[in-house]
Amino acid sequence: MEKSVHWEDASIMVYGMTCEHCVRAVTKALQALPGVQNVRVSLPDSIAQFSYNPQLVALEAIKAAIVEEGYATEPEESLLQIDLPPQGLIANSTPETVGMSNLAEAAQEQFTISGMSCANCALSIEKGVAKLPGVRRATVNFAAEKLMVEINPAEVSDAEILAAIKELGYEGHNEAKSDQLTDRTASKQRNWLIFSALLAVPMLPLMYLIPMSRLTTYTMFALATIVQFTAGLTFYRGAYHALKNRSANMDVLVAMGITASYGYSVMTTFPQVFFSGPTFFDTSVLLITFVRFGKYLEAKAKGRAGQALQKLLELQADRARILLDGEEQEVAASDVRIGDIVLVKPGEKIPVDGTILAGQASVDEAMLTGEPIPVDKGVGDTVIGATINRSGVIKVQTTKTGKDTVLAGIVKLVEDAQGVKPPIQRLADTIANYFVPTVVAIAIITFLIWYVGLHSTFVFAFTAATAVLVVACPCALGLATPTAIMVGSGVGLGRGILFKSAAVLEAMSGLQAIGFDKTGTLTKGSPEVTDIITYGDYDNNALLALAAAGENLSTHPLAQAVAAKARAANLAITPVTDYVEEAGLGIKCTSNGATLIIGNSKLMARQGISISGAEADFKALVLEGKTIMFVAFAGNVVGVIALADVLKESSREAIDRLHRLGLKTFMITGDNSKAASLVGEQVGIDEVVAEVLPQDKIAVIKKYQQQGLRVAMVGDGINDAPALAQADIGIAIGSGTDVAKETGDVVLVRNDLIDVERAIRLGRKTLAKIKQNLFWALVYNSIGIPVAAGILYPLTKTLLPPEWAGLAMAFSSVSVVTSSLLLRRYDQKLAD
């Protein structure tokens, strides 16, 4: 429609949008208003642009409609450091546009961050970078190790942002370096692990097998010093920045433990300068090596989020055939522009999002919907890039490219969902926040009481303080989680359940609702023949053999399912002639001298074949959500074959078991409501949500999360990846796509849905073991620290020697490991 003088262009800032679902909500709200048209909502710019007629609608009413949808039109001062026009409005017909000149310059930058070890690190970076002038918003995706920053380039540069990140204690890199960084980080951690292990191994015989001499002591001193100030330096850096940011994580605990054991050992190594006593060089070296091993495992796991996104991007076609002046020309898919006409042949990936201008095709949209049965498409229908043309030649006019395509949208959804997934703080880190300052305070108080209050010698007071630090060495706390995880993960893997991180185990114990994809998760994921109905003189085998003869040459999944059924029944498949396949309809050929036609009702009507005798059966099967093909031979319908995606054998039992655990269940699928409801009834699931696209699956997960529930999602396809990332726990089926497995937090290797229930039970048991280990580690410290401080000195007339403190510390570590090993016995219970 052509604009009249009464129509004005305007834009309103919209705050609170986080995904494409938000964009659609705002767009629909504005489009519903009388006097508003040409609505365009931008998520990156947080702007709603539109044309409006002031005589029909006021700007205040437009803003009110946005607010009613749950979004804001006023900026928060902490997020926006620029001058906005009144009420965040840009009216192109008024001078108010001048106030937005700075906003037009706003840009999004992305950086890769290394050195983060917990959720507190991500929060520290967000807060630190957000303080910079010119930074509108800073968001850290801890899973992908990415920092997204909205900035005004006139006020802040990349170099200043990178400098701020470095000042906070982390390493920032421009996005171009991110691919190499993930691999380099893991390799770096592996190399440090090997280095510290090689120096730790000789320490054991030196400490326990070889008679202690000055040469032995000096050798251990040399080895420990090298490890302390190379492989151990990272813990001092981490502790420094944690304390600077007013927190205390495991780095602080480790730094405290290695400093106490190493520092005391250095003093006793040179008694002529300090004082005589035992050495604990092995304690610091082994602790550094063990924790380095944990950091290596973390680095290996962290790259998975980025790999999932990379594999999504690899789905798109590399090449495309465009038509220029009626001639084909092959170009890179990235060179295709909006409006270009692309030719797509059978078996090829559709390279662009667009509209079919000519031809018909059966398009496999499993990438988008998860459904295995291709969708028939014709002139005027839309097609999506990365879906597959199974049959027919089509000409497609390009409507979207680059970041605007559906596939790019799915990538963005996965990345955003990973970024906002609630971080799970490790138990040991949480305890460390209270434990570290408490132990340090006790050590200082111990020294002051003995040296200042009771006037003992400096060596006596220092020995008591050191014994406190050594006895409180974080070995037991540090081992409590990883040893239970190691054993629990081993038990799970033996049962075909792969947990990707310790955080998963904590989250599994609190799950309250669990969602399932339908196709390939609850069902087998491929069509199978379910019903054969014959007419006239044909029996089931005769009709199946006839249908298989015609379908054997087709690559369509339905046709292949019929041929597979015949081969499974050991039926002979005879050759046919004059074979023709009509995209979206069926096939026509000659068999034994007569015309054989197999296809849908449209093909029968086109060929002039009456289906009246089979219509009752046809309607009954359709009501069951099945796909129907008619078989006509020599001009008459001789049978009907029905196909469907059938349930996995374990689906019903798995849902029953989850209900017994007290979990709510629901199903999300792109399939039609009728088929979805039938599957939901068969398995006994609580709620069914059908006909949803990947971005809508996220909205369903969020709905449950907004009710205060901790939600898991089980899926196998590319279309499930955003929901897997959004859920508190993503559970991927082992037979599914690599993207799903990389995005999920748990992988079910054996494809058995009962393993979902087993994974939850194992997660609960492992977390219980971790808590038990931490409890006993704290009990040990509660007893050991006062003894080390000298509380029994009035009775025993002696302090706890540091070597005894070291032995007690070692015993606590052994007890924690032994406790974790007992978790192996749970393996047999998982089989139930």
remark   = Of the residues in the stretch 268-287, those that are modelled with pLDDT under 80 and of a type outside the set (Ser, Thr, Tyr) come to 275, 277, 278, 280, 282, 286, 287
note = Checked the stretch 288-302 for anything modelled with pLDDT under 75 and closer than 18 Å to residue 116 by Cα; matches are 291, 293, 294, 295, 296, 297, 298, 299, 300, 301, 302
message = Can you list residue pairs whose Cβ atoms sit under 6 Å apart, with the first residue in the stretch 265-284 being within 22 Å of residue 197 (Cβ to Cβ) and the second being part of a loop (DSSP other than H, G, I, E, B)? Count only pairs 6 or more apart in sequence or on different chains.
response = 265/279; 265/280
key: In the stretch 823-832, residue least open to solvent (accessible area, probe 1.4 Å) [restricted to those that are over 15 Å from residue 760 (Cα atoms) and without any contact (Cβ under 8 Å) to a residue 24 or more places away in the chain]   = 828
query = How many of the residues making up the stretch 567-584 are touching a residue at least 60 places away in the same chain (Cβ under 8 Å) and either among the aliphatic types (A, V, I, L, M) or in contact with a helix residue (DSSP H, G or I) (Cβ under 6 Å, 6 or more places away or on another chain) (or both)?
reply = 1
ask   = For residue 758, all conditions in the list (1) modelled with pLDDT under 80; (2) buried (at least 19 other Cβ atoms within 10 Å of the Cβ) hold save one; what is the number of the exception?
value = (1)
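Where in the stretch 622-682 are there strands (runs of 3 or more DSSP E), lying wholly inside it, with at least 2 residues that are more than 31 Å from the chain's Cα centre (by Cα), surrounded by 22 or more Cβ atoms within 10 Å (Cβ to Cβ) and touching a residue at least 40 places away in the same chain (Cβ under 8 Å)?
Hits in the stretch 622-682: 627-633, 636-647.
Out of 542, 547, 572, which single residue is over 36 Å from the mean Cα position of the chain (by Cα) and in a loop (DSSP other than H, G, I, E, B)?
Working: 542 fails: in a loop (DSSP other than H, G, I, E, B); 547 fails: in a loop (DSSP other than H, G, I, E, B).
Matching residue, one of 542, 547, 572: 572.
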task = With a cut-off of at least 3 residues that are open to solvent by less than 70 Å² (accessible area, probe 1.4 Å), at pLDDT 70 or above and closer than 25 Å to residue 702 by Cβ, name the strands (runs of 3 or more DSSP E) lying wholly within the stretch 12-125.
result = 36-42
note = Flagged in the stretch 327-344 as open to solvent by 70 Å² or more (accessible area, probe 1.4 Å) and either part of a loop (DSSP other than H, G, I, E, B) or touching a helix residue (DSSP H, G or I) at 6+ places or on another chain (Cβ under 6 Å) (or both), in numbering order, are 337, 338
inquiry  = Taking the criterion of being touching a Leu at 6+ places or on another chain (Cβ under 6 Å), surrounded by fewer than 21 Cβ atoms within 10 Å (Cβ to Cβ) and modelled with pLDDT of 70 or more, would at least one residue in the stretch 385-393 satisfy it?
reply    = no
key: From the options 583, 561, residue that is touching a Leu at 6+ places or on another chain (Cβ under 7 Å), under 19 Å from residue 600 (Cα atoms), of a type outside the set (Val, Ile, Thr) and crowded, with 17+ Cβ neighbours inside 10 Å   = 561
inquiry  = Looking at the structure I just gave you, is residue 486 modelled with pLDDT of 65 or more and open to solvent by 40 Å² or more (accessible area, probe 1.4 Å)?
reply    = yes
note = Counting only residues that are under 31 Å from the mean Cα position of the chain (by Cα) and among the aromatic types (Phe, Trp, Tyr), the stretch 222-235 contains a total of 1
ask   = Inside the stretch 345-359, can you point out the residues that are within 14 Å of residue 398 (Cα to Cα), surrounded by fewer than 18 Cβ atoms within 10 Å (Cβ to Cβ) and touching a Gly at 6+ places or on another chain (Cβ under 9 Å)?
value = 355, 357
note = Looking across the stretch 501-524 at residues that are out of contact with any strand residue (DSSP E or B) (no Cβ under 7 Å at 6 or more places or on another chain) and over 23 Å from residue 832 (Cα atoms), the single one that is modelled with the lowest pLDDT is 502
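Tell me, please, whether a residue that is polar (S, T, N, Q) and part of a helix (DSSP H, G or I) can be found in the stretch 243-264.
Step one: list which residues in the stretch 243-264 are polar (S, T, N, Q), which gives 245, 247, 249, 259, 261.
Retained after the next criterion (residues that are part of a helix (DSSP H, G or I)): 259, 261.
Looking through the stretch 243-264, at least one residue is polar (S, T, N, Q) and part of a helix (DSSP H, G or I).
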query = Which residues, counting only those in the stretch 185-201, are open to solvent by less than 40 Å² (accessible area, probe 1.4 Å) and either at pLDDT 80 or above or not in a helix (DSSP H, G or I) (or both)?
reply = 193, 196, 197, 199, 200
ask   = Between a first residue in the stretch 444-468 that is in contact (Cβ under 8 Å) with a residue 40 or more places away in the chain and closer than 21 Å to residue 270 by Cβ and a second residue that is assigned to a loop (DSSP other than H, G, I, E, B) and small (Gly, Ala, Ser), which pairs have beta carbons less than 6 Å apart while being 6 or more apart in sequence or on different chains?
value = 464/790
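The values are calculated or read from the model by the stated rules, or taken from the named source; none is laboratory data. These numbers were taken from a predicted model, which means no experiment stands behind them. When we count neighbours, we look across all protein chains shown, and the Cβ atoms used for this are built from the backbone with ideal geometry, even at glycine. Protein only, heavy atoms only, side chains kept; ligands, DNA and RNA dropped before computing areas. Shrake-Rupley method; radii C 1.70, N 1.55, O 1.52, S 1.80 Å.
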